[in-house]
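Student: Below is the structure I would like to discuss, written out as structure tokens.
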Amino acid sequence: MTLATATPRSSKPRSQNARTRKQPDHGAWFLVLPALIPILVLSVGPLLYGISLAFTDSQAGRTEPTQWIGTLNFQDLLHDTLFWDSFRIGLLWAIGVTVPQFLLALGLALLLNQNLRFRWLARALAIIPWAMPEVVVGIMWRLVYNSDAGILNETIRDLGLGDGRDWLTGLATALPAVIVVGIWAGMPQTTVALLAGLQNTPHELHEAAALDGAGAWRRFRTVTWPALKPVALAITALNLIWNFNSFALVYVLTTGGPGGRTRLPMLFAYEEAFRYGQFGYAAAMGCVMVAVISVMLALYLVGRLKEGVEQ
């Protein structure tokens, strides 16, 4: 009798606890909403509106109602050689900035990871370009590249190497000059990320490799790089996407000139929308760039998933 009456009392709390654990915590949504609402309003909403605008003939100053034209903007875009030229320039810019940026940042991170005097000061100075707004960086480098009184041409004249050049207005020098500025401006954040990865590498592994007779290059290849590889892939993918979407820096330096030699896709879309008033056509360009960025992100995520499976 005692066992029969005790069993229901002991099983009932367990079933109630099980039902309680299965119930979702609706209160957690209230903690997420303050961060979710700005994302929906400022990011997802404008993105969806821009995609819908790409299928219309929206123009500035038009009195007639906006009409739905389907994929006509995208069909025109396929035959727009100026846009594909800007797309090619954008890829050259993104790769030309990202690759040297990573190599230089890796060397600087390895240097700053050493036990040197005034290392704290060198680390602080290394992130100064990162803390400067892109507009300020662009104005500063325009002064450096100035053909009459710029420090670069003055140095060339003082060294007797010639009279200098019009770096930002020359057809052959504009894009390389802008790429140099992009490398300088973006290298600090890559350096900081790689330096954090280096500092997370166990020092005991380097000591063990040194005791085994491994040189500096072998220690880097067998110890440092395997630990640094996930950080390197992540920061390189982010830099590639960020550089492909660049606007302010190049706009301040050259506004896309001379002759469109530095007209990146974002600059081209900006001109179509706000100079010529072709909002629907510019939105179609934006959709193409969103698709390209999505492909980049997908390739990066697939690579990370494959690494996770192999590990």
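The values are calculated or read from the model by the stated rules, or taken from the named source; none is laboratory data. Model, not experiment: these values are computed from the prediction. Neighbour counts are summed over all protein chains in view; Cβ atoms, including those assigned to glycine, are modelled from backbone coordinates with ideal geometry. In case anyone asks, the SASA skips ligands and DNA or RNA and just uses the protein heavy atoms, side chains included. Shrake-Rupley method; radii C 1.70, N 1.55, O 1.52, S 1.80 Å.
Student: Could you identify which residue out of Ile37, Ile293, Ile51 has the top mean-square fluctuation in a GNM of the chain using Cα springs shorter than 10 Å?
Tutor: Its mean-square fluctuation being the largest, the pick is Ile37.
Student: While we're on this one: So which trypsin sites (Lys or Arg not before Pro) in segment 75-129 end up in coil per DSSP with only 16 or fewer other C-beta atoms within 10 Å?
Tutor: Arg117
Student: Residue farthest toward the positive end of the dipole of the chain, with Cβ of Lys/Arg at +1 and Asp/Glu at -1: which of Gly182, Gly213, Asn73?
Tutor: With unit charges placed on the Cβ atoms, the residue in question is Gly213.
Student: From the Cα gyration tensor of the chain, with a ≥ b ≥ c the square roots of its eigenvalues, which class applies: rounded if a/c is under 1.5, or else prolate if a/b is larger than b/c, or else oblate?
Tutor: Taking the square roots of the gyration eigenvalues as a ≥ b ≥ c, the chain is oblate.
Student: Continuing with the same structure: When ranked by the protection proxy of mean other Cβ atoms within 10 Å per residue, highest first, what sequence do the peptides 130-142, 171-183 form?
Tutor: 171-183, 130-142
Student: Between segment 173-213 and segment 234-251, what's the alpha-carbon centroid distance in Å?
Tutor: Cα centres, segment 173-213 to segment 234-251: 18 Å.
Student: Work out the charge dipole of the chain with +1 on the Cβ of Lys and Arg and -1 on the Cβ of Asp and Glu about the Cα centre, then indicate which of Phe83, Ala28, Ala126 is farthest towards its positive end.
Tutor: Ala28
Student: Now a separate question. Chymotrypsin sites (Phe, Trp or Tyr not before Pro), restricted to segment 78-127: which are DSSP loop and have at most 14 other Cβ atoms within 10 Å?
Tutor: Hits after loop and neighbour filter: Phe118.
Student: Have a look at Phe30, Phe74, Phe268 and tell me which one the Gaussian network model of the chain (Cα, springs below 10 Å) gives the largest fluctuation.
Tutor: Phe30
Student: Let me ask something else about it. Summing -39500 (n - 2.57) over the DSSP H runs of n ≥ 4 in the chain and dividing by its residue number, what mean residue ellipticity at 222 nm do you reach, to the nearest 500 deg cm²/dmol?
Tutor: When only DSSP H runs of four or more count, the value is -22000 deg cm²/dmol.
Student: If you put +1 on each Lys and Arg Cβ and -1 on each Asp and Glu Cβ, how big is the dipole of the chain around its Cα centre, in Debye rounded to 20?
Tutor: With only Lys, Arg, Asp and Glu charged at Cβ, the dipole is about 1640 debye.
Student: Given Cβ point charges of +1 (Lys, Arg) and -1 (Asp, Glu) and nothing else, what value in debye, to the nearest 20, does the dipole of segment 217-311 about its Cα centre take?
Tutor: It works out to roughly 500 debye.
Student: For segment 70-117, with all protein chains present and a 1.4 Å probe, just round the carbon and sulfur fraction of the accessible area to a whole percent.
Tutor: After summing per-atom areas, the C and S share lands at 69 percent.
Student: Please calculate how many Å² of accessible area segment 111-213 carries per residue, with a 1.4 Å probe and no DNA, RNA or ligand atoms counted.
Tutor: Normalised by residue count, the accessible surface of segment 111-213 is 62 Å².
Student: In terms of the Cα gyration tensor, with a ≥ b ≥ c the square roots of its eigenvalues, is segment 67-170 rounded because a/c is under 1.5, prolate because a/b exceeds b/c, or oblate?
Tutor: Note, shape of segment 67-170 comes out oblate.
Student: Carbon-plus-sulfur fraction of the accessible area of segment 174-255, 1.4 Å probe, in percent?
Tutor: Taking all protein chains in place, segment 174-255 shows 66 percent carbon and sulfur surface.
Student: Determine the shape class of segment 159-291: with a ≥ b ≥ c the square roots of the Cα gyration tensor eigenvalues, call it rounded for a/c under 1.5, and otherwise prolate if a/b is greater than b/c, oblate otherwise.
Tutor: Oblate is the answer for segment 159-291, as a/c is 1.5 or above yet b/c matches or exceeds a/b.
Student: So, one more: Would you be so kind as to identify which of Thr255, Gly162, Val135 lies farthest towards the positive end of the dipole of the chain, taking Lys and Arg as +1 and Asp and Glu as -1 on Cβ and the Cα centre as origin?
Tutor: Val135
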